[in-house]
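So the structure is just underneath, and the comments pick up after that.
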Amino acid sequence: MTDFGLDINYIAEQNKLAVQNVKNDYDNLGEKLARQNIDIEAVKAQIQKFAVAIPSWGVGTGGTRFARFPGIGEPRNIFEKLDDCCLIQQLTQATPSVSLHIPWDKVDDPSELKQYGNVRGLAFDAMNSNTFQDQEGQKHSYKFGSLSHVDKATREQAVAHNIDCIEFGEKLGSKALTVWIGDGSNFPGQVNFAKSFDRYIESMRKIYAALPDDWKLFTEHKIYEPAFYSTLMQDWGTNLMTALELGDKAHCLVDLGHHAPTVNIEMIVSRLVQAGKLGGFHFNDSKYGDDDLDSGSINPYQLFLVFNELVEAENNIANFNPMNMIDQSHNVTDPIESLMTSAMEIQRAYAQALLVNRTNLEAAQNTNDALRASETLKQAYRTDVEPILAMARLDLGGAIDPVSTYRVSGYRTQKAKERPSTGGSSSGII
Ligand SMILES: [Mn+2]
């Protein structure tokens, strides 16, 4: 083990055991895809370009409203979180950036943090503000809302916090701010829908005005929770209204868990792309609500269908480049293992979507051949793209099997010694 991450010779040593099998599988798949006029090398190159950010809070064990059961060797501060993110990137070669949450990750010297991340091969993705809980010493409470609060001084405090996040992010090289608020109501009549939305937009305009020229502003909708009757930013319609109202730098963020269970998320993605307002994703999976389960663990076909829309957009729109992040809560797994597996599941959905024969799909659509259209998607989805993902990692110096390589390394046991529990936790979920 080095000062950070794993020794590259150790990763190479672990890869040796499987490298011939991966090469054989890759060649076989390459032949099969060539029969469909697909160049496996081109698919691999696309996968190697694809990146998904790790949320700093994701490397700690999550929790529910009921309890949190901490794991061993959990990171206790942002520096230790970056160490874990570095390891994830080393092994998967798919996660070159980290998304910070303020104030959980606030430090006195941002240049030290930037340096610490950059040395570990990590850049800083979108900044996340937090006005859904009160911070120590804060003058006005967010119990009844933040950016839409009836009290002007509370709104101003929330605006100032978001501007602080931008200023902190600028020093780290971040290029975006994500705003998610818990504002809403628990009782019918508690808030005036229209007036609270007006107040929110007024606050957001002030935040927008503080954005540097090359920054983007993402707003994230969520159907419910913590408010259980109405949520201000409850759906993609409100999100789109906000982005259109604010201006060119404002875009909508889609968190896969923030919709009702039957909602067609891939169609929302298409609509936002068409409006030129898709900003990016918070990837996770869900069975019931905002479960924040691992990406692809419940409904991998939905994830594929989302990527099918993204590949369609990539083919038709110049510089289409949404920002991707994982947003999960790992309650019963080692967060490092969950994050690595999730990053690979997201890549898998992308690789499968790249295999869709779009000429056949369009022909089926234009002749109302529903079955052939569906089968065209299914054919791509059924393809085992693992050899492409493994080879993509291998080429870049990552691990053929990140989870096994991590387990054998003893990283977690080592961290358990170096990081005795402090009893507290700053992990959370949004
Ligand atoms: Mn989210």
(request) Can you tell me how much longer the chain between PHE79 and LEU396 gets when fully stretched, taken as 0.36 nm per residue apart minus their C-alpha distance, in nm with one decimal? (result) 111.6 nm
(message) Strictly over 32 Å apart at the Cα level, which of LYS16/LYS175; LYS23/LYS378; LYS81/LYS175; LYS49/LYS81 would you flag in this model?
(response) LYS16/LYS175
(request) Sticking to Cα atoms, compute the Rg of the chain to one decimal and its Dmax as the biggest Cα-Cα distance, whole number, in Å. (result) 21.9, 66
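Whats the longest run of the chain with zero chymotrypsin sites (Phe, Trp or Tyr not before Pro) that are DSSP loop and have at most 12 other Cβ atoms within 10 Å? Mind dumping the intermediate values first?
Working: sites that count: PHE66, PHE228, TYR288.
That gives 67-227 as the longest site-free run.
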(request) Grab the Cα-Cα distance for ASN9 and GLU136, subtract it from 0.36 nm times how many residues apart they are, and report the gain in nm with one decimal. (result) 41.2 nm
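For n ≥ 4 DSSP H runs only, could you compute -39500 (n - 2.57) per run for the chain, divide by its residues and tell me the 222 nm figure to the nearest 500?
Helices in the chain give a 222 nm mean residue ellipticity of -15000 deg cm²/dmol.
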(message) Can you give me the C-alpha center-to-center distance between region 198-257 and region 1-70, rounded to a whole angstrom?
(response) 33 Å
(message) If I take every Cα pair under 8 Å that is 6 or more residues apart in the chain, average their sequence separation and divide by the length, what percent do I get for the relative contact order?
(response) 21 percent
(message) Taking a ≥ b ≥ c as the square roots of the Cα gyration tensor eigenvalues, with a/c under 1.5 meaning rounded and otherwise prolate when a/b beats b/c, else oblate, which class fits region 1-65?
(response) oblate
(request) For region 143-284, just the Cα atoms, rotate onto the principal axes and tell me the three extents in Å, largest first. (result) 41, 39, 25
(request) Note down the nm distance, to one decimal, between modelled labels 7 Å out along Cα→Cβ at GLN365 and at ALA45. (result) 2.6 nm
(request) Putting +1 on Lys and Arg Cβ atoms and -1 on Asp and Glu Cβ atoms, find which of CYS86, ILE38, VAL52 reaches farthest to the positive end of the dipole of region 35-116. (result) ILE38
(message) Using the crude model of +1 on Lys and Arg Cβ and -1 on Asp and Glu Cβ, and no other charge, please compute the dipole size for region 21-102 relative to its Cα centre, in debye to 20.
(response) 300 debye
(message) Which log10 I(q)/I(0) values does region 299-430 give at q = 0.19 Å⁻¹ under the Debye formula, counting every alpha carbon as one identical point scatterer?
(response) -1.19
(message) Per 0.36 nm of contour for each residue apart, how much would the distance between ARG35 and PHE144 grow if the chain were fully extended, relative to their Cα-Cα spacing?
(response) 33.2 nm
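How high is the FRET efficiency from TYR229 to VAL408, r the C-beta distance, R0 56 Å, rounded to 0.05?
0.65
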(message) Give me the one-decimal nm value for the distance between modelled label points at ARG358 and ILE163, 7 Å along each residue's Cα-to-Cβ direction.
(response) 4.3 nm
(request) At a Cα cut-off below 16 Å, give the aspartates and glutamates reachable from LYS114, other chains included and same-chain residues fewer than 8 away excluded. (result) GLU80, ASP83, ASP84, ASP105, ASP125, GLU167, GLU170
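No value in this document is a laboratory result; all are computed from the given coordinates. The model shown is predicted, which means the values in this text are computed figures rather than measured ones. Backbone-built Cβ (ideal geometry, glycine too); neighbour counts: all protein chains shown.
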